[in-house]
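Asks: Okay, handing you the structure first.
The values are calculated or read from the model by the stated rules, or taken from the named source; none is laboratory data. Everything numeric here is computed off the predicted structure, so don't read it as measured data. Cβ: placed from backbone, ideal geometry, glycine included. Neighbour counts: every protein chain shown.
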Amino acid sequence: MIASENCRYMGWLDEAARIEMVDHSSIKKHEPPSSNNINWLDATGEKTSTNELTADFEKHFDGGPASIRVKLHRPMATFSLTVLFGPSGAGKSTTLRCLAGLDRPDRGIIRFGDEIWFDAERNIFLPPQQRNIGYLFQDYALFPHLTVRQNVAYGLRKFSAPLRRQRIEEITSLLEIGGLEHRFPRQLSGGQQQRVALARTLVCRPRLLLLDEPLSALDAPTRHQLRRQLRHWLVQLQISTLLVTHDRSEALAFGDHLALFHAGRVCQNGPVQEVFAAPADVNAARIVGVDTIAQGRIVNISDGLATVEVGQTQLVALAPPAGAAIGSEVYICIHAEGVTLEVGAALPETSARNRLVGRIRAVDREGPIVRLNLDCGFPLKALITNQAYENMGLHEWSDVVALIKATAIHVIMSGPSSREGKIINRSRYGQI
Amino acid sequence: MDLEAIWLSLKLAALTTAILLFAGVPLAYWLAVTHWRLKFILESLVVLPLILPPTVLGFYILIALGPLSPIGRAYEAIAGKSLAFSFEGLLLASILYSLPFAVRPFTAAFAAVDQRLMEVSWCLGESRLRTFFRVTVPLSWAGILTGAILSFAHTLGEFGVVLMVGGNIPGVTRTVSISIYDEVQAVNYSNAAMTSLVLLGSSFLALSVTTLINRKAVY
């Protein structure tokens, strides 16, 4: 962050000090020692926060076996944006509602710093009013009977008039919604409504921001613009955020950390890029949208490389870190971007380990790129530019050679994994 | 024209409406938000006066107010007079009789308010009560006003229940509609016509106003 901008929001952070609850043990866990010291000595309380969000709860739904079981642990000491990612109905929104206090889980605990928000055994349930969080609904839920200014000022009732004015001015200029003050929500565009709703939440300086598919109701250009700005604002204000989305590109563009939801369970947790590149199991691979998933068997392991037999084809890939042995049943995951194509008798000197002879089965043009379904003994998806497609003179039924680096093939063990939160075939989940 | 009866009816209608606003709004809000399994029983009870013949309702109220019932006895012990055939008894009967005309529009209006707006308000730190006054009421004022106007107009014109519970005591329980009935019985058609016209006019006005506000009240 730029220093001057830091100063600009110092006032903001100062006041945020009221929320900070310090807990040494958690500092050590999540902060490098040096920054720990600096934070600790900072008397202003600026982000000495060691707030950690710990959620471990279960919620059942009426009339069916549907339930969600969530385990989340996020350090809140420094800014981070956690994406809750997964298909619709996987329980992401319900998780967010439970964190906000709008829904009550049936079992488990939710802790924020050393506050207990929910504890089923001790029958503790903090209502949303006392959690001091921000919650943004998918379609913004602006108060239709209030003007933009009244909407933004809604949560500031307890503040003095000058402070209220100052807060509103700050947020209005940051989110660039000046000039709309006297309009009513129905007179705003989708993007403007989104900003106003965000302003209404952020002006209260929540300790944690919960965003439920914040961009899904917007048209594509506005969505792309806001996507860039949203992260920028949140970093500026240093408000840790949990964001629900089912949009891959949104998750990749926004998130630092990703919690993968499948059928009411968190099936994988980790840095966004890592989860996308190396899904832990086949469900996770499907959810993150791995283009090619094929079943195979390990026939050889040496020098950290595994040779996997898929149908009649042998592929060399990085060996999975643990549990792999010759004869293991595995899945291979290949992103379409990791596949390059050439035509005819290609030069053998290339760094790609895998050269597969195949045939184009289907061509799907998506503007500047072309998505190809190949048959290389198993179905393989590839992504090339329209330019390359034309230059190589490709068409349906063309014979091609697909090149795949060993590092572009991710191997996951098949069969029930021992991971916690692993889903055991409960296919019929209601809309949650 | 029986001005005394008109004044009495107006007083009765105003008091009934005021009390229904105080008691009916919380009841309606609760009906709108609760997920209680047995809610339907209460809902049916509220609507019952719409279906029940006024004489039947009046009969039960009369019994309940009379000296044979605990309510009647308790009231007599405290106030020193009977609840039956009194203005207070009439007021109580009117409240019960007009209950659906107030509670139903209230409930419909509250149920139509987007639940998420209230949730937003809670997340912004506002209590449920404050949220009710800052969000729910402004967004359902048309329904509340409709309920109030309807119960006012309905009380103004009630006949059967009044006759059963209040009787026909001039200045105490003799309301407009009973006055009209008396005039007709006495073949004073011109008097009856005058008073009827007042009721017709006020009812039409009430309905016009409710129709208008419900058309305009769209955000």
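Asks: Here is a list: B:Leu8, B:Leu45, B:Leu117. Which entry is touching a Lys or Arg at 6+ places or on another chain (Cβ under 7 Å) and either touching a residue at least 12 places away in the same chain (Cβ under 8 Å) or over 30 Å from B:Asp182 (Cα atoms) (or both)? Give the steps one after another, and end with the answer.
Replies: On the way: B:Leu45 fails: touching a Lys or Arg at 6+ places or on another chain (Cβ under 7 Å); B:Leu117 fails: touching a Lys or Arg at 6+ places or on another chain (Cβ under 7 Å).
Answer to the selection: B:Leu8.
Asks: If you don't mind, another one. Of these, A:Ser249, A:Ser302, which one is under 30 Å from A:Ile239 (Cβ atoms) and without any contact (Cβ under 8 Å) to a residue 12 or more places away in the chain? Before the answer, list the steps.
Replies: Values: A:Ser302 fails: under 30 Å from A:Ile239 (Cβ atoms).
Step by step, each of A:Ser249, A:Ser302 is checked, and only A:Ser249 is under 30 Å from A:Ile239 (Cβ atoms) and without any contact (Cβ under 8 Å) to a residue 12 or more places away in the chain.
Asks: Exactly one of these conditions fails for A:Thr313: (1) out of contact with any Lys or Arg (no Cβ under 9 Å at 6 or more places or on another chain); (2) surrounded by fewer than 16 Cβ atoms within 10 Å (Cβ to Cβ); (3) not hydrophobic (A, V, I, L, M, F, W, C). Give me its number.
Replies: Tallying (1) out of contact with any Lys or Arg (no Cβ under 9 Å at 6 or more places or on another chain); (2) surrounded by fewer than 16 Cβ atoms within 10 Å (Cβ to Cβ); (3) not hydrophobic (A, V, I, L, M, F, W, C), A:Thr313 fails exactly one: (2).
Asks: Considering only residues that are among the charged types (D, E, K, R) and either crowded, with 16+ Cβ neighbours inside 10 Å or within 12 Å of chain B (Cβ to nearest Cβ) (or both), which ones fall in the range A:211-232?
Replies: First, pick out the residues of the range A:211-232 that are among the charged types (D, E, K, R): A:212-213, A:219, A:223, A:227-228, A:231.
Of everything in the range A:211-232, those that are among the charged types (D, E, K, R) and either crowded, with 16+ Cβ neighbours inside 10 Å or within 12 Å of chain B (Cβ to nearest Cβ) (or both) turn out to be A:Asp212, A:Glu213, A:Arg223, A:Arg227, A:Arg231.
Asks: Might you check whether a residue that is at pLDDT below 85 and out of contact with any Pro (no Cβ under 9 Å at 6 or more places or on another chain) occurs anywhere in the range B:51-66?
Replies: Going residue by residue through the range B:51-66, those that are at pLDDT below 85 are B:65-66.
Those still in the list that are out of contact with any Pro (no Cβ under 9 Å at 6 or more places or on another chain) too: B:65-66.
Checked the range B:51-66: at least one residue is at pLDDT below 85 and out of contact with any Pro (no Cβ under 9 Å at 6 or more places or on another chain).
Asks: Further question on the same structure: Out of everything in the range B:86-142 that is of a type in the set (S, T, N, Q) and surrounded by fewer than 18 Cβ atoms within 10 Å (Cβ to Cβ), what residue ends up being nearest to the other protein chains (Cβ to nearest Cβ)?
Replies: Of everything passing the filter in the range B:86-142, B:Ser127 is nearest to the other protein chains (Cβ to nearest Cβ).
Asks: Pick out the one residue from A:Gly289, A:Gly323 that is out of contact with any strand residue (DSSP E or B) (no Cβ under 9 Å at 6 or more places or on another chain) and assigned to a loop (DSSP other than H, G, I, E, B). Let's see the steps before the verdict.
Replies: Numbers: A:Gly323 fails: out of contact with any strand residue (DSSP E or B) (no Cβ under 9 Å at 6 or more places or on another chain).
Just a single option satisfies the conditions, and that option is A:Gly289.
Asks: Let me ask something else. Would you confirm whether any residue within the range A:157-170 is within 29 Å of A:Ala55 (Cβ to Cβ) and surrounded by 16 or more Cβ atoms within 10 Å (Cβ to Cβ)?
Replies: no
Asks: Also, I was wondering about something else. Pick out, from the range A:207-273, the strands (runs of 3 or more DSSP E) lying fully within it that include 2 or more residues that are touching a Lys or Arg at 6+ places or on another chain (Cβ under 8 Å) and more than 20 Å from A:Gly190 (Cα to Cα).
Replies: A:257-262, A:265-271
Asks: In contact (Cβ under 8 Å) with a residue 24 or more places away in the chain and hydrophobic (A, V, I, L, M, F, W, C): which single residue out of B:Leu156, B:Leu212, B:Leu205, B:Leu200 fits that description?
Replies: From the options B:Leu156, B:Leu212, B:Leu205, B:Leu200, the qualifying one is B:Leu156.
Asks: Still on this structure, please answer the following. In the range A:101-132, what residues are more than 27 Å from the chain's Cα centre (by Cα) and part of a loop (DSSP other than H, G, I, E, B)?
Replies: Within the range A:101-132, A:Ala120, A:Glu121, A:Arg122, A:Asn123 qualify.
Asks: Evaluate the following for B:Phe85: is it assigned to a helix (DSSP H, G or I), touching a residue at least 24 places away in the same chain (Cβ under 8 Å) and farther than 30 Å from A:Arg205 by Cα?
Replies: Here the answer is no, as B:Phe85 does not meet what is asked.
Asks: Next up: Quick check: anything in the range A:188-210 within 16 Å of the chain's Cα centre (by Cα), among the polar types (S, T, N, Q), away from chain B (no Cβ under 12 Å) and closer than 30 Å to A:Pro75 by Cα?
Replies: no
Asks: Also, I was wondering about something else. Looking at the range A:133-163 only, could you name the residues that are part of a loop (DSSP other than H, G, I, E, B) and more than 10 Å from every other protein chain (Cβ to nearest Cβ)?
Replies: Quick first cut of the range A:133-163, residues part of a loop (DSSP other than H, G, I, E, B) only: A:133, A:137-147, A:157-160.
Once the filter is applied, which keeps residues that are part of a loop (DSSP other than H, G, I, E, B) and more than 10 Å from every other protein chain (Cβ to nearest Cβ), the range A:133-163 yields A:Thr147, A:Phe159, A:Ser160.
Asks: Now a separate question. Right, B:Leu91: farther than 30 Å from A:Tyr135 by Cβ and free of Cβ contacts under 8 Å to residues at least 60 places away in the same chain or not?
Replies: Numbers: farther than 30 Å from A:Tyr135 by Cβ: yes; free of Cβ contacts under 8 Å to residues at least 60 places away in the same chain: no.
Answer is no for this residue.
Asks: Does the range B:146-194 hold any residues that are over 16 Å from the mean Cα position of the chain (by Cα), assigned to a loop (DSSP other than H, G, I, E, B) and closer than 30 Å to B:Phe106 by Cβ, and which are they?
Replies: Selection gives B:Gly166, B:Thr173.
Asks: For the range B:121-132, which positions are in contact with a Lys or Arg (Cβ under 9 Å, 6 or more places away or on another chain), outside any loop (DSSP other than H, G, I, E, B) and free of Cβ contacts under 8 Å to residues at least 12 places away in the same chain?
Replies: B:Trp122, B:Cys123, B:Arg130
Asks: Hey, among A:Ala100, A:Ala120, A:Ala66, A:Ala77, which residue is within 14 Å of chain B (Cβ to nearest Cβ), aliphatic (A, V, I, L, M) and touching a strand residue (DSSP E or B) at 6+ places or on another chain (Cβ under 9 Å)?
Replies: Just a single option satisfies the conditions, and that option is A:Ala100.
Asks: Using the structure shown, decide if B:Leu199 is surrounded by 13 or more Cβ atoms within 10 Å (Cβ to Cβ), modelled with pLDDT of 85 or more, under 16 Å from the mean Cα position of the chain (by Cα) and among the hydrophobic types (A, V, I, L, M, F, W, C).
Replies: Taking the combined requirement at face value, the residue does not satisfy it.
Asks: Condition check: within 14 Å of another protein chain (Cβ to nearest Cβ), over 14 Å from the mean Cα position of the chain (by Cα) and aliphatic (A, V, I, L, M). Does B:Ala32 satisfy that?
Replies: Against the criterion (within 14 Å of another protein chain (Cβ to nearest Cβ), over 14 Å from the mean Cα position of the chain (by Cα) and aliphatic (A, V, I, L, M)), B:Ala32 does not qualify.
Asks: Go through the residues of the range A:265-279 one by one and say whether even a single one is under 30 Å from A:Asp375 (Cβ atoms), surrounded by 16 or more Cβ atoms within 10 Å (Cβ to Cβ), touching a Cys at 6+ places or on another chain (Cβ under 7 Å) and away from chain B (no Cβ under 14 Å).
Replies: yes
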